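What follows is a single structure, written as structure tokens, with notes after it.
The values are calculated or read from the model by the stated rules, or taken from the named source; none is laboratory data. Since the model is a prediction, treat every value here as computed from it, not as a measurement. So basically every Cβ, Gly included, is an ideal-geometry build from the backbone, and we count neighbours across all protein chains shown. SASA here: full protein model, heavy atoms, side chains in, ligands and nucleic acids out. Shrake-Rupley method; radii C 1.70, N 1.55, O 1.52, S 1.80 Å.
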Amino acid sequence: GGSPNDYWLNRTRAQQFTAQSGLEDVHFEFNSIQLSERAKTVLMANAQWLKAHPDAEVTIEGHCDERGTSSYNYVLGEKRAVRTKAYLASLGVPDEQLHVMSFGKDNPACWESTEPCFQKNRRAHLVLGITVASTAMR
């Protein structure tokens, strides 16, 4: 395996691949793990891309806004990632292509304490091509 530092080193590079691929994040309502119709549409497109690139592995990162405790948000983030993974799997993406990881509220996309910012942070973020055994939960 690798250290968390290896993950971050690889993640920066992987972010660039992910942006080029067109894989999109999905967003969640406050305190929810339900996938909206918009989220499902995004995941259908993501699933098509992943099925067309069977060698690509993706880590689905669960993220939350800053409200609530760290431990609560860690669990919520994991549930969001797992729900996203399950939906992609239901669309035919092979399990071995999908990994999940939770950041809880520790890695916000946006730092302001405002509702638009909270919305950005409640997400499942897909990152391509990272296989760090110690951090990727199967």
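Among residues of the range 27-41 that are touching a residue at least 12 places away in the same chain (Cβ under 8 Å), those with a Cβ under 6 angstrom from a residue that is of a type in the set (Lys, Arg), sequence gap 6+ or separate chain, pair up as His27/Arg122; His27/Arg123; Phe28/Arg80; Phe28/Arg122; Ile33/Lys79; Ile33/Arg80; Ile33/Arg83. If you go through the range 88-117 and pick out every residue that is assigned to a helix (DSSP H, G or I) and out of contact with any strand residue (DSSP E or B) (no Cβ under 9 Å at 6 or more places or on another chain), you end up with 6.
With respect to the stated conditions, Asn46 is touching a Leu at 6+ places or on another chain (Cβ under 7 Å) and polar (S, T, N, Q).
Would you be able to tell me the number of residues in the range 56-81 that are under 9 Å from the mean Cα position of the chain (by Cα) and among the aliphatic types (A, V, I, L, M)? Going through the range 56-81 one residue at a time, the tally reaches 3. Set side by side, the residues Cys117, Cys110 differ, and just one is free of Cβ contacts under 8 Å to residues at least 24 places away in the same chain and open to solvent by less than 50 Å² (accessible area, probe 1.4 Å), which is Cys110.
If I filter the range 35-55 down to residues being of a type in the set (S, T, N, Q) and under 23 Å from Phe17 (Cα atoms), which single residue comes out as surrounded by the most Cβ atoms within 10 Å (Cβ to Cβ)? If you could, list the steps in order and put the result at the bottom.
Restricting attention to the range 35-55, the residues satisfying the condition of being of a type in the set (S, T, N, Q) are 36, 41, 46, 48.
From what's left, under 23 Å from Phe17 (Cα atoms): 41, 46, 48.
Working: Thr41: 13, Asn46: 24, Gln48: 13.
Going through the qualifying residues, I end up with Asn46.
Scanning the range 16-34 for residues that are open to solvent by less than 60 Å² (accessible area, probe 1.4 Å) and not charged (D, E, K, R) yields Thr18, Ser21, Gly22, Leu23, Val26, Phe28, Ser32, Ile33.
Please go through the range 56-94 and pick out each residue that is open to solvent by 10 Å² or more (accessible area, probe 1.4 Å), among the charged types (D, E, K, R) and modelled with pLDDT of 95 or more.
Kept after step one, since they are open to solvent by 10 Å² or more (accessible area, probe 1.4 Å), are these residues of the range 56-94: 56-57, 66-72, 74-76, 78-79, 82-83, 85-87, 89-92, 94.
Next, only the ones that are among the charged types (D, E, K, R) stay: 57, 66-67, 78-79, 83, 85.
Answer for the range 56-94, where residues must be open to solvent by 10 Å² or more (accessible area, probe 1.4 Å), among the charged types (D, E, K, R) and modelled with pLDDT of 95 or more: Glu66, Arg67, Glu78, Lys79, Arg83, Lys85.
Looking only at the range 7-55, residues that are within 13 Å of the chain's Cα centre (by Cα), modelled with pLDDT of 95 or more and in a helix (DSSP H, G or I) come to 4 in all. Listed conditions (1) open to solvent by less than 70 Å² (accessible area, probe 1.4 Å); (2) within 21 Å of Gly22 (Cβ to Cβ) are all met by Ser102, apart from (2).
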